[in-house]
Amino acid sequence: MEIFLIKLLQFIMAISLLVLLHEGGHFFFAKLFGVRVEKFYLFFDPWFHLFEWKPKNSDTAYGVGWLPLGGYCKIAGMIDESMDTEQMKQPEQPWEFRAKPAWQRLLIMIGGVLVNFLLAMLIYSMVLFVWGEEFITPKDMTMGMKFNIEAKQYGFKDHDILIGTEKGDFREFDVDVYRETAIAREVRVLRNGKQTTVSLPGNISLIDMLKSEPRFMAPFMPAVVDTVLPGTKAAQWGMRKGDRIYAVNGVKVDSYNELTDVMGRQTDLFMTAQTHQDSLNARYTSIAFAHEGSSKLITVRLSLGNDMKFGFVPKSWASYYTPSHVSYGFFESLPSGIRYGINELKGYVGDMKYLFSSDGARNLGGFGAIGSLFPETWNWHRFWLMTAWLSIVLAFMNILPIPALDGGHVLFLLYEIIFRRKPGEKFLIYAEYVGISLLLLLMVVANLNDILRYFGIMY
């Protein structure tokens, strides 16, 4: 429960900040051009609100709604998600959005997206200034990678040390390594001390690489115990720090990667057993391990009945390597933060192509998926990195040319600027309805996926 509350608090803090500043971007340009803002709200307020305050001699009511799905800045004389069509029937007023030149309305509409982009770059810059960068370069990972069957069919071998693709060397082991490998024609690796090249088709599915079990590639992890949790099966077996696991059901395992793969397949056999005898055969698993410094194997049996967990924690793959650390001065951090943010944006935009596939739709995530990305313990470094990334996502999603989003309004304004005539009000109203419906459908699908994943119906 404590972990859930920590993640929830971080999620609410990040989203609240991003929504306030996004709507603040619209608000700033509206006020700059003399457009009246009737409401400025964090969260939505259908039927009622939690808080509202309207300063004396102000046209704007500030408040907090009860529905935490975003926020809004209600601008006078504009067809938006409030669907206030009665106002549009009244004579045009000089302080209304519709009375302003197209270029001013365009700036008002892109104000939120602009603020989110700039905010992300600022956060990345300040994170680099305060904490610097710490990363492990793939070519320094001396134990190399563990590859799945598909990767080995392309020519990879366990313990290959990744160097780079035809476009350059890998800098840091993160999701970009998978992205670059997915579109690469060749990957350079160090194998048994010699550099060799693995040829690839250039169109491997990134989703398949990341979602397959085992993964396309993962850092090689020795099957060595780091921590034994008290009161668990591992503790009952006498397992201790430094012990190494050698075999499962008499089959040798060379790594923790292979151990989890074998146990996963054993669990699948148990869960999908068709007969009572099949269930009995799959129910028990033997595990052979040895204490540190000893060659004597200890064999124990694990029941896959109610508790399928060992009760020990392996060493993190990162603990085997010394990370590189780069520090930044204040003026160095600004261009570096911008480059960092642009790279994150490019990666996110590139991944959007998977959204329109069946696998992409299944991997859509809602509030639960986003909230789960925050750390389990309070960590300001990771909090700000996550907030910056969400700011980029919010900016990009809002600039998409979909009615009801900022990008939809921008699209209609560009039409007006090019053809020198406004789209009809009825068309704009119907377009807003269509856009809102699409967004609600997308939100339902994304959050339904979260629910199905939570109950184990979908993975």
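The values are calculated or read from the model by the stated rules, or taken from the named source; none is laboratory data. This one's a predicted model, so the numbers in the text were calculated from it and none came from an experiment. All Cβ positions, glycine included, derive from the backbone under ideal geometry; neighbour counts span all protein chains shown. Note: accessible area is taken over every heavy atom of the protein model, side chains too, but ligands, DNA and RNA are not part of it. Shrake-Rupley method; radii C 1.70, N 1.55, O 1.52, S 1.80 Å.
Remark: accessible surface ordering of 58, 199 (largest first) is 199, 58, probe radius 1.4 Å. Summing charges over neighbours of residue 179, with a neighbour being any other residue whose Cβ is under 10 Å away from its Cβ, gives -3 when K and R count +1 and D and E count -1. In the chain, the DSSP-assigned H stretches of four residues or longer account for a calculated mean residue ellipticity at 222 nm of -15000 deg cm²/dmol, using -39500 (n - 2.57) per stretch and the full residue count as denominator.
Of the trypsin sites (Lys or Arg not before Pro) found in segment 410-448, the ones in coil according to DSSP and having at most 10 other Cβ atoms within 10 Å of their Cβ are 420, 421.
Bridgeable aspartates and glutamates around residue 152 (alpha carbons under 13 Å apart, same-chain partners fewer than 8 residues away excluded): 160.
Note on residue 244: accessible area is roughly 90 Å² with a 1.4 Å probe, heavy atoms of protein only.
Taking Cα centre as origin and charging only the Cβ of basic (Lys, Arg, +1) and acidic (Asp, Glu, -1) residues, the dipole magnitude of the chain rounds to 460 debye. The order of 41, 321, 256, 415 by accessible area, most exposed first and with a 1.4 Å probe, is 415, 256, 321, 41. Along its three principal directions, the equivalent ellipsoid of segment 88-132 from the Cα gyration tensor extends over semi-axes of 38, 8, 6 Å, largest first. Note on residue 23: accessible area is roughly 20 Å² with a 1.4 Å probe, heavy atoms of protein only.
Rg over Rh for the chain works out to 1.05, using Cα positions for both radii and the Kirkwood form for Rh. Sparse packing (at most 15 other Cβ atoms within 10 Å of the Cβ) combined with a DSSP loop state is found for the following trypsin sites (Lys or Arg not before Pro) in segment 1-77: 56.
Accessible surface for residue 8 stands near 70 Å², nearest 10, in the context of the full protein assembly shown (1.4 Å probe).
Surface listing: 26, 159, 409, 381 arranged by accessible area from highest to lowest gives 159, 381, 409, 26, probe 1.4 Å.
When only Cα pairs below 8 angstrom with a gap of at least 6 residues are kept, the chain shows a relative contact order of 17 percent. Measuring nothing but protein heavy atoms, the accessible surface of the chain at 1.4 Å probe radius is 62 percent carbon and sulfur. With all protein chains kept in place, the per residue accessible area of the chain amounts to 55 square angstrom at a probe of 1.4 angstrom.
All other residues whose Cβ lies under 13 angstrom from that of residue 243 are scored, Lys and Arg at +1 and Asp and Glu at -1, for a net of +3. Most simply put, the chain has about 90% antiparallel DSSP beta bridges, counting only bridges with both residues inside it.
Taking each of 100/346; 100/426; 157/315; 157/233; 56/426 in turn, the alpha-carbon distance tops 29 angstrom for 100/346; 157/233; 56/426.
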